[in-house]
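The values are calculated or read from the model by the stated rules, or taken from the named source; none is laboratory data. Computed from a prediction, not measured in an experiment: that's the story for all the values here. In this analysis, Cβ positions are derived from the backbone assuming ideal geometry, glycine residues included, and neighbour counts consider all displayed protein chains. When the accessible area is computed, the model is the full protein with side chains, heavy atoms only, and any ligands, DNA or RNA have been set aside. Shrake-Rupley method; radii C 1.70, N 1.55, O 1.52, S 1.80 Å.
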Amino acid sequence: MRSLVKIHARPKLHEPNMIAAWPGIANVAMIAGSYLAHKLNPKPLAEVVAPYFFDPIGVLVRDNVVESPQFPESRFFYWKNSPGKKDLIIFIGDDQPASKTYEMAHTVIDVAERFGVKRLYTCAAALTRIHHSEQPKVWGAATREPLLTDLKARGLVMGGDLQISGLNGLLLGVAKERQIDAICLLGEVPQYASRFPNPIAALSIAETMLKILDVDVDLAELREQATEAAGRLKEMAAEAMGDYIDYFTEPIWERGGPEEEEDEEDDNPNSPN
């Protein structure tokens, strides 16, 4: 850990939980994680040494002057809860490395163990047949059966067999290997909207996670983002339906063809009998 992580602070934390988020499907994890980090205003804790995991593909040039190579940031923050309540560590990864993902997951777990994390949370999207106008449910997955019992009691959906792609899922497996409790909260996302950022699902996840963690955060801005996103999805769905209709149907006044040509021939006085 010493070579792959730079520690910026060594706070005494009370039984901290950890939230970890990387970009993923519909950017659900990043929207939820980044929003909570922004609102809680946590303090810097540590960062992953980026050049070990990422290879820059070029440089920026400003006013003809070449800048130093830029790397995605992978940072840890800490936030202290009210006395007697569990503190929180938030990890935000700007990007997922193309390789060494298993080692990246272990590096994050190294920091979790270093600061005594008791339970780890990730977020993801659950692609379903939900319509974009419906309120998304939150699914739950965990590394141990007793954790699932608690999630069921909170009304979360148990999706059965599923795959959680990328580091938002892999981190759970590594946590299980190292015997750390881990939970993933998955927000429902329409299958046809998987490529669009979805703060609607992120809001459902954030509401659930805050209740579980016993943390108070104002979600008003995220609700506004969700409302705006719902409007955009409605517009995109209307446009897609319009394109579908235009492609697969034909106005009745454009039909006819051969029959109309025959009628025109019959009306011609010079046509042969």
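Rounded, prolate or oblate: which fits region 92-160 when a ≥ b ≥ c are the square roots of the eigenvalues of the alpha-carbon gyration tensor, with rounded for a/c under 1.5 and prolate only if a/b beats b/c? Because a/c hits 1.5 or more and a/b fails to exceed b/c, region 92-160 counts as oblate. Across all directions, the average projected area of the convex hull around the alpha carbons of region 55-132 is 10.2 nm². When the Cα atoms of region 141-239 are aligned to their principal axes, the ranges along those axes come out at 47, 30, 22 Å in descending order.
Its Cα centre serving as origin, region 104-209 has a Cβ charge dipole (Lys and Arg +1, Asp and Glu -1) of approximately 40 debye.
In region 65-110, inverting the average of 1/r over every pair of distinct C-alpha atoms gives 13.2 Å as the Kirkwood radius.
Charged side chains reduced to their Cβ positions (Lys and Arg at +1, Asp and Glu at -1) give the chain a dipole of some 3700 debye around its Cα centre.
With q set to 0.09, 0.12, 0.13, 0.20 Å⁻¹, the log10 of I(q)/I(0) for region 4-146, from the Debye formula over equal scatterers at the Cα positions, is -0.34, -0.59, -0.68, -1.29.
Its residues counted as N, the chain yields a C-alpha radius of gyration over 2.2 N^0.38 Å of 1.40. In sequence order, region 103-112 has phi-based couplings of 5, 4, 4, 5, 5, 5, 5, 4, 5, 4 Hz under the Karplus curve 6.51 cos²θ - 1.76 cosθ + 1.60, θ = phi - 60°, and Gly or Pro positions carry x.
Structure remark: mean-square fluctuation, Gaussian network model of the chain, C-alpha springs under 10 Å; the largest value among Ala124, Ala50, Ala201 belongs to Ala50. Residues in the chain average 59 Å² of solvent-accessible surface per residue, probe 1.4 Å, ligands and nucleic acids excluded. Which of Lys100/Lys234; Lys12/Lys152; Lys39/Lys118; Lys39/Lys176; Lys137/Lys234 have a Cα-Cα distance over 28 Å? As for pairs spanning more than 28 Å Cα to Cα, those are Lys100/Lys234; Lys12/Lys152; Lys39/Lys176.
Between 0 and 90 degrees, rounded to the nearest ten: what's the tilt of helix 220-248 against the longest Cα principal axis of the chain? Taking Cα atoms only, the helix is inclined about 30 degrees. Using a 7 Å offset from Cα along Cα-Cβ at Ser99, what residues in region 44-78 end up with backbone N under 12 Å from the label point? Counting backbone N atoms under 12 Å from the label point, the list is 53-55. Note on the chain: dipole from Cβ charges, positive end direction compared against Gly231, Val174, Tyr78; the farthest Cα belongs to Tyr78.
On region 136-226, 47 percent of the accessible area sits on carbon and sulfur atoms, based on a 1.4 Å probe. Taking the chain as a Gaussian network of alpha-carbon nodes connected by springs under 10 Å, the highest mean-square fluctuation of the residues Pro199, Pro83, Pro44 belongs to Pro83.
Centre-to-centre, using Cα atoms only, region 46-63 and region 170-192 are separated by 28 Å.
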